[in-house]
């Protein structure tokens, strides 16, 4: 549709709305059929872009419509001062027109918006959209000195919180101390569960309990993430048992701990590359009831000390693998995905796609959460938003609200 535009569109730094239309869309000479979206008729495509052809008189009439029907919520200048109500100034006029039509038809549900537009003609909607599109965008949001400090990188926070672990568990979680477990190659969820078990006393170990007692849930998540992202390696400790005999004896373990000791279930730890002395001791604790797990107790019950050492030697010899965990994306990383549709720094170059730059942060948060919950319908936005955490939503909203809104002029290409 508008791919050809992308090659010729440039964001213009227009100083004021006095420059005629801040978002000028000079499309009259462009063949209407080339603007039709898939499955959309030429007439429908042309109607969508009606605000692009607005002249000065249309914009003046649109101002009167906006003052009567929109200003109470969105501000006389299109810049909202009401929580949860979006800025409209400098927004892409065809996008605004499409949304106003959706409220009028009931395709979008919002009683206050429906009441505001239900008696307006499509012509009035065109002119109101063109008016708001002609205004200078809002200024980027600034972070208040009273605002909460920016959240730290969870990986770096985890690395800092795990500084005291290296003495026992080795640099980067690869142990060099016999009897001490490696922490690499373990799923993040398993490590968090293990730390919580030490904290609650479910697992008995005084030193570990003292260490984790001061950790918050966030600290534990960050520590576990840090270790889950480290490069797995075998423990740098000796293994006293018979590896070959251990392989035969470990057949019953694969169902929970995976082939070659690489678990596919976050609830069950991977054993590959783990310290042999630690593994043998853990088996003994399950057998003695020091560790509480009926399945493990039943499996460990028939094993003697020699068999435990053999199984431990077998797994210690296996190559650990990284768990399926991804490094969290920063707001900038996430925004690169959003910019594919919403334009550089949230300044859309597609007239049917909303600009995000300098939009109210609370409104952006509400919209993303509405897509996550299905209150707003869009398969693309649902797919993009469903993977976002609450922190991601807040970071993205803050990121775009702090970007400079830019007016855009669309120019025509010669007809073929």
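The values are calculated or read from the model by the stated rules, or taken from the named source; none is laboratory data. None of the values given here were measured: they were computed from a predicted structure. Note that we place each Cβ from the backbone using ideal geometry, even for glycine, and neighbour counts take in every protein chain shown.
Descriptive notes on the structure:
- The lone exception for residue 107 - which of (1) modelled with pLDDT under 95; (2) in a helix (DSSP H, G or I) it fails: (2)
- Test: residue 335 is surrounded by fewer than 22 Cβ atoms within 10 Å (Cβ to Cβ) and in the same structural domain as residue 96 (by TED's automatic domain parsing): yes
- Every test in (1) touching a residue at least 24 places away in the same chain (Cβ under 8 Å); (2) within 30 Å of residue 289 (Cα to Cα) is passed by residue 351 save one, and that test is (2).
- In the range 200-244, the qualifying residues are those that are without any contact (Cβ under 8 Å) to a residue 40 or more places away in the chain, in contact with a helix residue (DSSP H, G or I) (Cβ under 9 Å, 6 or more places away or on another chain) and outside any helix (DSSP H, G or I), and the one that is nearest to residue 184 (Cα to Cα) is 205.
- Of all residue pairs spaced 6 or more apart or on separate chains, those with beta-carbon atoms under 6 Å, a first member in the range 59-85 that is farther than 25 Å from residue 364 by Cβ and a second member that is part of a loop (DSSP other than H, G, I, E, B) are 59/134.
- Residue 397 assigned by TED's automatic domain parsing to the domain that holds residue 130, modelled with pLDDT of 95 or more and within 16 Å of the chain's Cα centre (by Cα): yes
- Some residue of the range 273-284 being at positive phi, out of contact with any strand residue (DSSP E or B) (no Cβ under 6 Å at 6 or more places or on another chain) and surrounded by fewer than 14 Cβ atoms within 10 Å (Cβ to Cβ): no
- Residue in the range 6-28 that is in contact with a helix residue (DSSP H, G or I) (Cβ under 8 Å, 6 or more places away or on another chain), modelled with pLDDT of 95 or more and either within 30 Å of residue 365 (Cα to Cα) or part of a helix (DSSP H, G or I) (or both) present: no
- Checked against the criterion of being assigned by TED's automatic domain parsing to the domain that holds residue 84, over 19 Å from residue 96 (Cα atoms) and crowded, with 16+ Cβ neighbours inside 10 Å, the candidates 374, 402 yield just one match: 402.
- Any chance residue 305 is in contact (Cβ under 8 Å) with a residue 24 or more places away in the chain and outside the structural domain of residue 108 (by TED's automatic domain parsing): yes
- Test: residue in the range 136-157 that is over 28 Å from residue 371 (Cβ atoms), at pLDDT below 95 and in contact with a helix residue (DSSP H, G or I) (Cβ under 7 Å, 6 or more places away or on another chain): yes
- Elements of the type helices (runs of 4 or more DSSP H) sitting completely within the range 279-385 and holding at least 2 residues that are modelled with pLDDT of 95 or more: these cover 294-300, 305-316, 331-342, 361-373.
- Restricting attention to the range 245-271 and to residues that are under 12 Å from residue 318 (Cα atoms), assigned to a helix (DSSP H, G or I) and touching a residue at least 24 places away in the same chain (Cβ under 8 Å), the residue that is nearest to the chain's Cα centre (by Cα) turns out to be 261.
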